[in-house]
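Step one of this worksheet: look at the structure below.
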Amino acid sequence: LIVAGQEPNGIHRDLVAAMPNLRAFAISLCGNVSTANDLVQETVTKAWANREKFTPGTNFKAWLFTILRNTYFSDLRRSRREIQDVDGAHAALLSSPPEQNGHLDLKDFARVLEQISPDQREALILVGAEGFSYEEAAVVCGCAVGTIKSRVNRARHKIAELMAITSLDDIGSASLQQSTATPASRIA
Amino acid sequence: MNTVDHFNGDGDVPALDGRIQALIGRQLQAHYGALVNEKTPDNLLKLLDALANAEHKSKKDS
């Protein structure tokens, strides 16, 4: 766990350390690398300018993630006002249905994630990939702990549905024993 | 890493079996880990230097 200082050297170091995770979260939120990089840039600039508002001893990563997700949803609301997607054509371009196959590679899994709602996706990523507690994720998302728990649970159900896992019979022993996970959280 | 938890559902939707949660958790971590391990673009790293230099210059000028 990193604890940022408010002095320039401290926050510089901690922002560099947090950047890979910020970028991964941004890509997961918006599904577009270029937009994600812009989002991280905006987040880092805001964090730098407002670093005196960070309380030392609290979770610096959670503070950064809060800035990033608030910036993302603020930008999203603004762009929705600008793009009148009355027939859903724009939204259709942003997603495509995944293969209905229980054996998914990483690219397929990314497509599965795109199919779940943004609020469920961010809750699942914060808890299941970033390792935030439900309480920390609730602070980042500005909602109740129970809401986060519900979103994570529903996200898992949706993913199971999209991966065509309807029962334990759909999971082979090889799938259960494989360990493809890479430590996602470098700074946790 | 919270791949499996003891949440019993939200009333309407019961929690998935722990083994299915674990499978989804591994897929999620593999996917997300690959994103985290991507190289951070240089322009993002240089942004911090630019912010620090701009602040230093501002303080020096004032």
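The values are calculated or read from the model by the stated rules, or taken from the named source; none is laboratory data. All of these numbers come straight from a predicted model, not from anything done at the bench. When we count neighbours, we look across all protein chains shown, and the Cβ atoms used for this are built from the backbone with ideal geometry, even at glycine. Note: accessible area is taken over every heavy atom of the protein model, side chains too, but ligands, DNA and RNA are not part of it. Shrake-Rupley method; radii C 1.70, N 1.55, O 1.52, S 1.80 Å.
Per-residue Cβ counts within 10 Å, from other chains only, averaged over B:39-52: what number is that?
Working: counts 2, 7, 6, 0, 2, 11, 4, 0, 7, 11, 2, 2, 9, 5.
Rounded to a whole number, the mean comes out at 5.
Phi angles of segment A:29-39 translate, via the Karplus equation with coefficients 6.51, -1.76, 1.60 and θ = phi - 60°, into HN-Hα couplings of 6, 9, x, 9, 5, 5, 5, 5, 4, 5, 5 Hz per residue; Gly and Pro are given as x.
Between chain A and chain B, roughly 4600 Å² of accessible surface gets buried, counting both sides and using a 1.4 Å probe.
A 24 angstrom limit on the alpha carbon distance is what I want to check against. Which of A:LYS107/A:LYS158; A:LYS61/B:LYS60; B:LYS39/B:LYS59 exceed it? Before the final figure, lay out each step's value.
Details: A:LYS107/A:LYS158 17 Å; A:LYS61/B:LYS60 31 Å; B:LYS39/B:LYS59 33 Å.
Flagged as over cut-off: A:LYS61/B:LYS60; B:LYS39/B:LYS59.
Here the 3J(HN,Hα) profile of segment A:108-124, calculated from phi with Karplus coefficients 6.51, -1.76 and 1.60 at θ = phi - 60°, is 5, 5, 4, 5, 4, 4, 5, 7, 8, 5, x, 6, 6, 4, 5, 5, 5 Hz, Gly and Pro shown as x.
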